[in-house]
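The values are calculated or read from the model by the stated rules, or taken from the named source; none is laboratory data. Given the structure is predicted, the values throughout are model-derived calculations rather than measurements. All Cβ positions, even for glycine, are placed from backbone atoms using ideal geometry, and neighbour counts span all protein chains on display. Note: areas computed on protein heavy atoms with side chains; ligands, DNA, RNA excluded. Shrake-Rupley method; radii C 1.70, N 1.55, O 1.52, S 1.80 Å.
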Amino acid sequence: MNISRRWLEDFLRRPLGAPDVAERLAMLGAPVDAIEPVHADLGPIVVALVEAVGPHPDADRLRLCLVNDGSPERKHVVCGAPNVTTGRRYPFIRVGGVLPGGLKIEKRKIRGQVSEGMLCSERELGLGQEHAGIWELTVDAAPGTPLLDVLPLADDRFVVDVTPNRPDLLGHKGVARELAASLGVPFRLPELPSVDTLGMPPSRRARDPDENRGELTMSAGVRVAIEDPDGCARFHGAVIRGVQVGPSPEWLRRRLESVGARSINNVVDATNYVMLEHAQPTHAYDLNKLRGPAVIARRAREGERLTTLDGVDRALDNSMTIIADAEGPIGIAGVMGGAGSEVDAGTSDVFLECAWFQPAQVRRTRRILGLSTDASYRFERGVDLWGAPEAFQRLMTLVLAVAGGSVEGDPIDLWPRVTHPPRIFLRLDRVAQVLGQPLDQQTVEQHLVAIGATCVPKPEERRIAVDVPGWRPDLVEEIDLIEEVARMHGYGAFPTDLRAFRTGAKADAPEVAALSRVRRAMADQGLHEVVTLPLVSPGGGDVSLLNPLSADESQLRGAILPSLAREAERNWAALTRDVRLFEVGTVFAPATDSSRPMERTHLAAVISGGREPGHWSGAAPDVDRWDLKGLFEVAVQAAQPGATISPAGDGWEAVDAAGRACGWARPLDADAPPWAAALLGMEVVVDTVAARRRPVFVPFPATPASDRDVTLLVPDGVSSASIASAFAQSGVAMLESVTIVNEYRGPRVATGTRSLTMRLRFRAPDRTLESAEVDRAEARLLTALERETGVRRREQ
């Protein structure tokens with residue numbers, strides 16, 4: 001999306017720096033891919049005053065001009081334009097300057113007369129197609145003043161990377177709203193140059209399906225209808241008669257060119273201006289070319305065809321929403337209009353359209369036709385259904401201002417199915433939980449109002465009712481609002497330290513907990529964790545890759561220690577003598593049934609060098625095999641609980657409860673320099689299977705339960721747990737559970753006692769209990785309780 005800096009400045013009523021705008025947009029989630037200077041090549045052009053004009057002695061069509069360009073000496077210029085007049089100001093480029101097209105101006109003779117520069121036309125400056133005469137300036141600037149200092153031509157074009165979920169940023173208004181929120185300043189629509197405030201008649205709302213079924217005949221005599229409400233949810237229309245189609249005024253042409261758009265004529269340029277400003281595509285039809293006259297949003301019929309504005313004849317099908325008149329298609333909804341109703345130089349009356357088309361429908365149509373346009377790009381992402389009236393008023397105002405005419409009758413607003421933007425409830429506690437930092441309600445509301453939301457605070461519930469703005473279809477859940485609060489607050493305003501957190505209440509998987517326990521045990525011993533590649537050279541493993549990336553790494557490792565030994569050698573190469581490394585990773589072994597290789601998780605560690613960090617009081621002794629044994633015992637305890645350790649050769653071996661070897665520790669061979677200490681290593685199989693708990697599934701009871709609440713007078717020395725234990729040991733099989741309901745201490749009970757209400761739940765697995773059975777079971781429980789603890793039922 002191309003965005004003009006000057007256009008944004010008109011929204012915010014303040015100057016903007018291109019680097020600052022790019023940085024702010026990046027922090028707001030709309031990074032700027034490029035900043036392209038606009039008309040920077042006009043730097044050599046200055047304002048010049050023509051002081052005298054005379055005929056060329058040797059050419060009838062050439063004239064000799066005496067030009068004041070602000071320098072001490074006047075310039076003699078040969079010019080062929082007939083409109084050069086004494087006392088007028090024109091753009092001038094001196095000798096040595098380069099025109100935007102790349103032409104370098106040199107001092108040369110033309111028909112025997114020396115020309116010392118060039119008076120320029122708009123076309124020669126790349127500012128338009130007019131080249132019949134020199135561009136006469138209406139500014140009152142001193143000769144020699146740079147042209148860019150007196151005319152608003154210099155600009156910066158931002159190439160903004162807009163994500164699909166932010167259609168509001170496909171118009172200058174949306175980008176200006178973001179910048180206004182970031183800068184903390186208001187914004188409003190730019191005033192249109194040379195446009196007086198025109199009172200637009202309000203649109204006539206037609207939405208009652210029982211009254212008009214999405215159809216209305218305008219007072220201008222045009223029948224407007226929505227026959228496909230799924231594809232076209234809302235349709236604005238107006239008739240303007242007496243327009244004069246022609247070139248756009250200079251300010252409008254410049255504004256479109258600043259973002260790379262081409263000027264066509266004043267009416268079409270007005271529709272493009274509104275699209276680039278509001279991100280709302282609109283369209284203008286030649287009213288006299290509409291048959292009926294009628295404008296209908298409906299599904300295309302099989303066999304219908306339409307020649308679009310690009311001159312291509314296209315086949316339509318009934319999956320497409322189209323705009324039709326009384327006899328056939330005149331446009332493809334949301335994609336492109338038809339050539340048969342195009343506004344041209346002979347147009348005197350126009351029908352203006354501003355509609356909302358279903359994004360998925362437009363996307364499907366665009367793919368079928370292979371036709372992508374600026375309009376389809378916006379409709380596919382979703383335009384503002386509720387903001388269309390403002391864009392339509394802007395369009396009518398602009399057309400009347402640049403093309404004249406008058407609105408006939410009332411504009412209409414067809415809206416068969418009236419809807420409202422969604423309302424989302426935002427909890428302040430949830431904001432603090434997600435962002436890791438509490439924000440007060442006023443700050444949260446301020447950030448949400450800045451993006452256009454309406455907030456209704458509910459302080460007693462510690463939440464805010466947020467009415468989402470229609471131009472933000474991406475805001476659908478509470479978490480979306482929290483993201484907006486963080487974005488507006490500024491990601492740099494949050495602390496960078498990593499705090500303890502848990503995304504949910506569910507405990508870690510047993511395997512994850514076991515690996516975390518192993519890593520913590522090694523870190524507590526002062527070792528540093530590393531991660532090495534599981535690929536080794538031929539002979540280093542027993543599992544070969546079918547398609548290795550390198551011949552030097554063609555196998556999967558069968559152990560981790562060789563990789564750690566190489567890491568120790570790399571540390572020695574960097575003159576690091578003390579090495580304490582560990583890794584928890586996967587090792588591979590061939591499968592017995594020729595299927596995929598078996599994988600197991602191992603813990604490996606290597607130590608070498610000083611037992612303690614160096615100190616000025618003296619050198620610390622090096623680690624030895626007994627340090628390795630102590631580390632091995634810690635590792636086995638964490639990775640293989642219950643395994644036993646016994647001597648084996650020059651080291652130790654660990655054996656699990658089933659008698660299988662599960663780890664070993666011993667000195668390692670390595671390519672060590674003379675000053676390095678011995679390298680000691682160990683490797684243990686991590687038992688993640690023992691950590692797993694097999695889930696127990698219990699069917700839901702098929703019979704109803706019977707609950708009884710009993711209130712007991714309990715001395716302070718008797719715990720509720722002992723009472724529940726006495727109930728459980730009473731031998732009453734139908735007792736299912738015991739829960740505490742209430743506890744009371746106060747004047748109604750004796751000092752040193754408390755009133756405890758417990759709920760006894762009874763259930764029989766094969767039948768519904770009768771009241772008499774429950775009474776007998778309850779009496780039996782109370783008798784057993786009094787016998788075991790001395791606790792009795794409290795008398796009311």
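Listing for the model above:
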item	result
Enumeration of residues in the stretch 374-416 that are part of a loop (DSSP other than H, G, I, E, B), under 27 Å from the mean Cα position of the chain (by Cα) and among the small types (Gly, Ala, Ser)	382, 387
Selected residue [over 30 Å from residue 789 (Cα atoms), open to solvent by 20 Å² or more (accessible area, probe 1.4 Å), part of a helix (DSSP H, G or I) and in contact (Cβ under 8 Å) with a residue 24 or more places away in the chain] from 627, 687, 671	627
Which numbered condition residue 493 fails, given (1) under 30 Å from residue 632 (Cβ atoms); (2) among the hydrophobic types (A, V, I, L, M, F, W, C); (3) modelled with pLDDT of 85 or more	(1)
Failed item in (1) more than 30 Å from residue 178 (Cβ to Cβ); (2) in a strand (DSSP E or B), with residue 371 passing the rest	(2)
Residue that is surrounded by the fewest Cβ atoms within 10 Å (Cβ to Cβ) [pool: residues in the stretch 262-280 that are in a loop (DSSP other than H, G, I, E, B) and more than 27 Å from the chain's Cα centre (by Cα)]	262
Lone qualifier among 737, 755, 730 - being surrounded by 16 or more Cβ atoms within 10 Å (Cβ to Cβ) and touching a Lys or Arg at 6+ places or on another chain (Cβ under 6 Å)	755
The listed residue being open to solvent by less than 60 Å² (accessible area, probe 1.4 Å) and over 30 Å from residue 190 (Cβ atoms), out of 438, 459, 469, 495	495
Which listed residue, of 587, 636, is in a helix (DSSP H, G or I) and among the hydrophobic types (A, V, I, L, M, F, W, C)	636
Selection from the stretch 758-782 of residues that are surrounded by 15 or more Cβ atoms within 10 Å (Cβ to Cβ), touching a residue at least 60 places away in the same chain (Cβ under 8 Å) and over 17 Å from residue 718 (Cβ atoms)	763, 764, 769, 774, 778
Options 656, 716, 707, 650: the member that is farther than 30 Å from residue 771 by Cα and within 55 Å of the chain's Cα centre (by Cα)	656
Count of the stretch 510-549 residues which are more than 36 Å from the chain's Cα centre (by Cα), within 17 Å of residue 684 (Cβ to Cβ) and not acidic (Asp, Glu)	9
In the stretch 528-545, residue modelled with the lowest pLDDT [restricted to those that are farther than 23 Å from residue 579 by Cα, assigned to a loop (DSSP other than H, G, I, E, B) and of a type outside the set (Gly, Ala, Ser)]	542
Residue within the stretch 37-49 that is assigned to a strand (DSSP E or B), more than 23 Å from residue 184 (Cβ to Cβ) and within 22 Å of the chain's Cα centre (by Cα) present	no
Top-ranked residue in the stretch 437-484 [being basic (Lys, Arg) and touching a Lys or Arg at 6+ places or on another chain (Cβ under 9 Å); ranked as nearest to residue 175 (Cα to Cα)]	472
Residues (open to solvent by less than 20 Å² (accessible area, probe 1.4 Å) and part of a loop (DSSP other than H, G, I, E, B)) located in the stretch 135-165	141, 153, 162
Members of the stretch 199-223 that are at pLDDT 90 or above and either in contact with a helix residue (DSSP H, G or I) (Cβ under 9 Å, 6 or more places away or on another chain) or part of a loop (DSSP other than H, G, I, E, B) (or both)	222
Pick from the stretch 36-63, criterion touching a Ser or Thr at 6+ places or on another chain (Cβ under 9 Å), modelled with pLDDT of 90 or more and over 12 Å from residue 117 (Cα atoms), ranking: most open to solvent (accessible area, probe 1.4 Å)	51
Test: residue in the stretch 189-198 that is at pLDDT 90 or above and in contact with a Lys or Arg (Cβ under 8 Å, 6 or more places away or on another chain)	yes
Cβ-Cβ under 7 Å pairs, at least 6 apart or on other chains, the stretch 400-428 side among the basic types (Lys, Arg), far side open to solvent by less than 10 Å² (accessible area, probe 1.4 Å)	423/465; 423/466
Residue in the stretch 82-119 that is surrounded by the most Cβ atoms within 10 Å (Cβ to Cβ), counting only those that are of a type in the set (Gly, Ala, Ser) and at positive phi	117
Residue match in the stretch 245-254 (condition: in contact with an Asp or Glu (Cβ under 8 Å, 6 or more places away or on another chain), open to solvent by 10 Å² or more (accessible area, probe 1.4 Å) and either β-branched (Val, Ile, Thr) or at pLDDT 95 or above (or both))	yes
Any hit, the stretch 2-11, residues being in contact with a strand residue (DSSP E or B) (Cβ under 7 Å, 6 or more places away or on another chain), in a strand (DSSP E or B) and open to solvent by 60 Å² or more (accessible area, probe 1.4 Å)	no
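Table: residues versus (1) surrounded by 13 or more Cβ atoms within 10 Å (Cβ to Cβ); (2) part of a strand (DSSP E or B); (3) modelled with pLDDT of 95 or more.
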site	(1), (2), (3)
547	no, no, no
559	yes, no, no
582	yes, yes, yes
591	no, no, no
607	yes, yes, yes
